[in-house]
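To start, the structure under review is shown below, and the notes come after it.
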Amino acid sequence: MGAVRQPAVAGSFYPAEPRQLRAQVRAYLAEAGDGGAGEGGPVPKAIIAPHAGYVYSAPVAARAYARLRPARGRVRRVVLMGPSHRVPFRGLAVTDAHAYATPLGDIAIDHAAVKKLLALPQVAVLDAAHASEHSLEVHLPFLQEVLGGFALVPVVAGSAAPEAVAAALEAVWGGHETLIVISSDLSHYLDYDSARLVDARTCQAIEGLDPTGIGDDQACGRVPVSGLLSLAKRKGLRVETLDLRNSGDTAGPRDGVVGYGAWAFTETPAHG
């Protein structure tokens with residue numbers, strides 16, 4: 001792939017011009033307010049957020065990113081995992097690239113964390129899975145705006161069991177310095193009312209930390225989502241639904257919509 005993974009969907013999914021992009025991201029975050037946290041709410045250890053074009057999904061994604069404002073200066077590493085839309089493969093794919101570029105600047109990749117992942121049998125280098133994949137890329141400008149500087153651990157998920165994904169997340173879980181971001185849209189191209197019903201079932205499974213409760217047609221990021229749910233259940237994380245809408249609510253027609261949701265996962269305090 002080369003030393004730097006270049007943007008693949010800048011200018012289509014989101015603005016390619018830096019000032020316009022930053023202004024748009026800030027506008028979505030302002031609209032999201034505090035993400036429902038209130039003053040002094042816990043900083044999430046992990047979030048799930050959607051990855052469509054900003055006009056459709058960014059109002060929902062911003063609800064999750066707004067919850068991360070207090071993490072600026074604390075979170076120094078982001079593990080970002082999303083599904084593969086273009087390259088079919090088994091397992092999980094990391095990259096040989098040294099950085100991911102966005103219009104807002106380059107983000108260095110945490111090679112020590114990538115090396116930890118490569119020690120697992122389900123993880124391999126597959127640059128082709130990263131080259132044109134939007135499910136990771138669209139999150140980066142929000143992360144740059146909210147967190148400032150951080151190192152990135154980008155992972156594209158192919159076909160993998162929840163426990164295989166959970167084991168990879170566990171390997172790079174870290175402490176307060178590490179944030180887990182799982183990228184997924186929900187139902188695709190159902191009519192508005194049908195989508196709301198299907199997405200409500202998906203939301204129920206996520207709130208119940210049930211990795212078996214999300215079918216193939218319920219979320220394109222079912223593989224990484226199910227892995228996070230499996231690990232979150234084992235670790236006793238609490239989950240909160242921050243938003244649940246679809247493209248018919250944001251910017252599209254209602255005869256064939258895509259569902260979007262945002263969730264925050266917080267660790268239970270060890271004492272008290």
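The values are calculated or read from the model by the stated rules, or taken from the named source; none is laboratory data. Only a predicted model underlies this, so the values are computations on that prediction, with no experimental measurement involved. When we count neighbours, we look across all protein chains shown, and the Cβ atoms used for this are built from the backbone with ideal geometry, even at glycine. Quick note on the areas: whole protein, heavy atoms, side chains included, nothing else; ligands and nucleic acids left out. Shrake-Rupley method; radii C 1.70, N 1.55, O 1.52, S 1.80 Å.
Within this structure, T250 passes the test of being of a type in the set (S, T, Y), within 20 Å of V55 (Cα to Cα) and modelled with pLDDT of 95 or more. Considering the conditions (1) open to solvent by 30 Å² or more (accessible area, probe 1.4 Å); (2) out of contact with any Cys (no Cβ under 9 Å at 6 or more places or on another chain), L229 is excluded by exactly one of them, (1). Residues in region 209-226 that are free of Cβ contacts under 8 Å to residues at least 12 places away in the same chain and open to solvent by 70 Å² or more (accessible area, probe 1.4 Å): 1 in all. Run G236 past the list (1) buried (at least 19 other Cβ atoms within 10 Å of the Cβ); (2) out of contact with any strand residue (DSSP E or B) (no Cβ under 9 Å at 6 or more places or on another chain) and report the number of the one that doesn't hold. If we test G236 against (1) buried (at least 19 other Cβ atoms within 10 Å of the Cβ); (2) out of contact with any strand residue (DSSP E or B) (no Cβ under 9 Å at 6 or more places or on another chain), just (1) comes out false.
If only one of G149, G227 is assigned to a loop (DSSP other than H, G, I, E, B) and out of contact with any Lys or Arg (no Cβ under 6 Å at 6 or more places or on another chain), which one is it? Even if it seems obvious, please write down each step before you answer.
Working: G227 fails: assigned to a loop (DSSP other than H, G, I, E, B).
The match here is G149.
For beta carbons closer than 9 Å, sequence separation of 6+ or different chains, a first residue in region 140-159 that is in contact (Cβ under 8 Å) with a residue 12 or more places away in the chain and a second that is aromatic (F, W, Y) and in a strand (DSSP E or B), the qualifying pairs are L140/Y100; P141/Y14; L152/Y100; P154/Y100.
V146 meets each of the listed conditions (1) in contact with a Pro (Cβ under 9 Å, 6 or more places away or on another chain); (2) under 20 Å from A61 (Cβ atoms); (3) open to solvent by less than 30 Å² (accessible area, probe 1.4 Å) apart from (1).
Is it the case that T241 is β-branched (V, I, T), surrounded by fewer than 22 Cβ atoms within 10 Å (Cβ to Cβ), part of a strand (DSSP E or B) and on the phi < 0 side of the Ramachandran plot? So T241 passes the test.
Can you name every residue in region 47-70 that is closer than 18 Å to L237 by Cα and either within 10 Å of the chain's Cα centre (by Cα) or among the hydrophobic types (A, V, I, L, M, F, W, C) (or both)? Matches in region 47-70: I47, I48, A49, A64, L68.
Looking only at region 103-132, which residues are among the aliphatic types (A, V, I, L, M) and open to solvent by 30 Å² or more (accessible area, probe 1.4 Å)?
The first filter runs over region 103-132 and keeps only residues among the aliphatic types (A, V, I, L, M), leaving 104, 107-109, 112-114, 117-120, 123-126, 128-129, 131.
Within region 103-132, L104, A108, A112, L118, A119, L120, A124, V125, L126, A128, A131 meet the criteria.
Whenever a residue of region 65-87 is within 16 Å of S135 (Cα to Cα), its partners that are open to solvent by less than 10 Å² (accessible area, probe 1.4 Å) and of a type in the set (S, T, Y), lying with C-beta atoms within less than 6 angstrom and at least six residues away or across chains, give the pairs G82/S135; G82/S183; P83/S135.
Being surrounded by 18 or more Cβ atoms within 10 Å (Cβ to Cβ) and at pLDDT 95 or above is the filter; apply it to region 25-42 and report the residue that is nearest to V138 (Cα to Cα). Top of the filtered list is V25.
Out of region 180-208, which residues are assigned to a strand (DSSP E or B), surrounded by fewer than 24 Cβ atoms within 10 Å (Cβ to Cβ) and not aromatic (F, W, Y)?
Quick first cut of region 180-208, residues assigned to a strand (DSSP E or B) only: 180-183, 188-190.
Cutting the leftovers down to surrounded by fewer than 24 Cβ atoms within 10 Å (Cβ to Cβ) gives us 188-190.
Those that are assigned to a strand (DSSP E or B), surrounded by fewer than 24 Cβ atoms within 10 Å (Cβ to Cβ) and not aromatic (F, W, Y): H188, L190.
Filter region 165-179 down to the residues that are part of a loop (DSSP other than H, G, I, E, B) and open to solvent by 40 Å² or more (accessible area, probe 1.4 Å), then identify the one that is farthest from V155 (Cα to Cα). Before the answer, list the steps.
Residues of region 165-179 part of a loop (DSSP other than H, G, I, E, B): 172-177.
Adding the requirement that they be open to solvent by 40 Å² or more (accessible area, probe 1.4 Å) leaves 174, 176-177.
Working: G174: 16, H176: 20, E177: 18 Å.
Ranking the qualifying residues of region 165-179, first place goes to H176.
For region 244-272, filtered to residues that are open to solvent by less than 30 Å² (accessible area, probe 1.4 Å) and among the β-branched types (V, I, T), the residue that is nearest to L231 (Cα to Cα) is T266.
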